[in-house]
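Each remark here refers to the structure printed beneath this line.
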């Protein structure tokens, strides 16, 4: 049961990542792309949580925490950059 | 029982994440896309972490799950605020159905409004 749930969950998360990637490529303005990158980081954290649940490895949760931290810092840095480049 | 609850929470979290992806792709402007992304992704990750904590009710898993959830709930709001401020300052185009635009005009030399 749980293996099926993990497989379905990972499939839906991958589909969400594909949709977000389409927005990342198309996005008309720079803030759109920053939002898409931020959401891709959150989706990677979600996938790591699901993998940690199905393999019972604690290390994936540590990786998820670090990726969440780095993604937050990156988003703030991109936002500062967006403010800087406005003319 | 716990297995079904955990699996259901996993599916619910993935559905919310998928909703965030669809919202980011389909919403008409930056600010609506942002609310779809941040709210759905925070709740989706919360559901996934709750499912994980129910699946593995050990101290090491639960502490990490709770700390990830607390950290994401703190930082997602801050990141969304910073991006929204940057988008508003860079005059990102609004949806054509927007009724009120309360973004103030930027004043030269940082002068106070009314001076």
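Some notes on this structure:
- Per residue of peptide A:46-57, the mean number of Cβ atoms on other chains within 10 Å of the residue Cβ is 5.
- Helix axis angle, A:30-55 relative to chain A longest principal axis, alpha carbon, degrees: 10 degrees
- Rounded to 10°, Cα long-axis angle of helix A:59-85 versus longest principal axis of chain A: 10 degrees
- The range B:2-110: C-alpha gyration tensor shape, a/c 1.5 cut-off, then a/b vs b/c: oblate
- For the range B:40-82, the calculated P(r) over all alpha carbon pairs, in 10 Å bins from 0 to the bin holding the longest distance, is 30, 48, 18, 4 percent.
- Between residue B:5 and residue B:63, the simple spin-label model (points 7 angstrom out along Cα→Cβ) gives 2.3 nm.
- Gap separating the Cα centres of the range A:52-87 and the range A:1-51, nearest whole Å: 13 Å
- Cα-based helix-to-principal-axis angle, B:30-55 vs chain B, degrees rounded to 10: 20 degrees
- Ranked by how many other beta carbons lie within 10 Å on average, peptides A:24-34, A:45-55, B:88-98, B:27-37 from highest: A:45-55, B:27-37, A:24-34, B:88-98
- Cα shape, chain A, gyration tensor, a/c 1.5 rule: oblate
- Equivalent ellipsoid semi-axes, the protein assembly as shown, via Cα gyration tensor eigenvalues times 5, rooted, Å: 35, 17, 13
- Per-residue average of Cβ from other chains inside 10 Å of B:40-51: 4
We did not get these values from a lab; they are worked out from the coordinates using the rules stated. Please read all numbers here as calculations on a predicted model, not as lab measurements. Neighbour counts are summed over all protein chains in view; Cβ atoms, including those assigned to glycine, are modelled from backbone coordinates with ideal geometry.
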